[in-house]
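The values are calculated or read from the model by the stated rules, or taken from the named source; none is laboratory data. Values in this document were obtained by computation on a predicted structure and should not be read as measured data. Cβ: placed from backbone, ideal geometry, glycine included. Neighbour counts: every protein chain shown. Keep in mind that these areas ignore ligands, DNA and RNA; they rest on the heavy atoms of the full protein, side chains included. Shrake-Rupley method; radii C 1.70, N 1.55, O 1.52, S 1.80 Å.
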Amino acid sequence: MDEVAVMMLEDRYRSHGINDGYVYGAPKLVVDGERRAFEFDGKTQYLELNARAADMGQITVDIALKHEGPGAQTVFDFGSSPDNCFVLRIAQNGKPEFAAKVGGKTVAALTGKKALTKSAWTRLRVEIDGKQIALWVDDKLSTKKASKFRPADVFPSGRAKRNF
């Protein structure tokens, strides 16, 4: 949201449309030093990306966040249902966790090595390319795993696509 080099997600392969998103529940816009960010209440506020934003063969999702805790929190949840999705969460213990389900079966799962520092900005990056999944924390590889999972696997034909 607040990168120096602003980039717009464009879907050049399908309809030349723009992959915009929507903000729900009026999260607060905060200024924290040099950063501007959304502050969510963890219950009624969220962002939803365009339905096509994650329906791809490979993807990199790069997010800066300030984990305030307590408890488990969802960072993103992309897919068509709880049985077809890929999710990045901050677990109860503060460690980032990635999981992908296809047809109700967990096809990939990774857990970061260390808990995030509470109340500090952290950069999380997930890279999925159909050969491996990698989880980066503050530009350092935290964990990776060989996997044939591709983001498009969670978007079966005829199902609604949701990217939160």
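How many residues does the stretch 100-125 contain that are among the small types (Gly, Ala, Ser), buried (at least 16 other Cβ atoms within 10 Å of the Cβ) and assigned to a strand (DSSP E or B)?
Qualifying residue count, the stretch 100-125: 2.
In the stretch 53-65, how many are part of a strand (DSSP E or B) and either at pLDDT below 90 or open to solvent by 40 Å² or more (accessible area, probe 1.4 Å) (or both)?
In the first step, residues of the stretch 53-65 are kept if they are part of a strand (DSSP E or B); the result is 59-65.
Filter once more, keeping what is either at pLDDT below 90 or open to solvent by 40 Å² or more (accessible area, probe 1.4 Å) (or both): 60, 62-64.
Of the residues in that region, 4 qualify.
Quick one: would you say LYS148 is assigned to a strand (DSSP E or B), at pLDDT 95 or above, farther than 26 Å from ASP20 by Cβ and open to solvent by 40 Å² or more (accessible area, probe 1.4 Å)?
Details: assigned to a strand (DSSP E or B): no; at pLDDT 95 or above: yes; farther than 26 Å from ASP20 by Cβ: yes; open to solvent by 40 Å² or more (accessible area, probe 1.4 Å): yes.
No; evaluated as a whole, the condition is false for this residue.
Can you tell me which residues in the stretch 126-136 are under 16 Å from ARG89 (Cα atoms) and either among the aromatic types (Phe, Trp, Tyr) or surrounded by fewer than 19 Cβ atoms within 10 Å (Cβ to Cβ) (or both)?
Selection gives GLU127, ALA134, TRP136.
Among the numbered criteria (1) without any contact (Cβ under 8 Å) to a residue 40 or more places away in the chain; (2) closer than 13 Å to LEU124 by Cβ, which one does ARG36 miss?
If we test ARG36 against (1) without any contact (Cβ under 8 Å) to a residue 40 or more places away in the chain; (2) closer than 13 Å to LEU124 by Cβ, just (2) comes out false.
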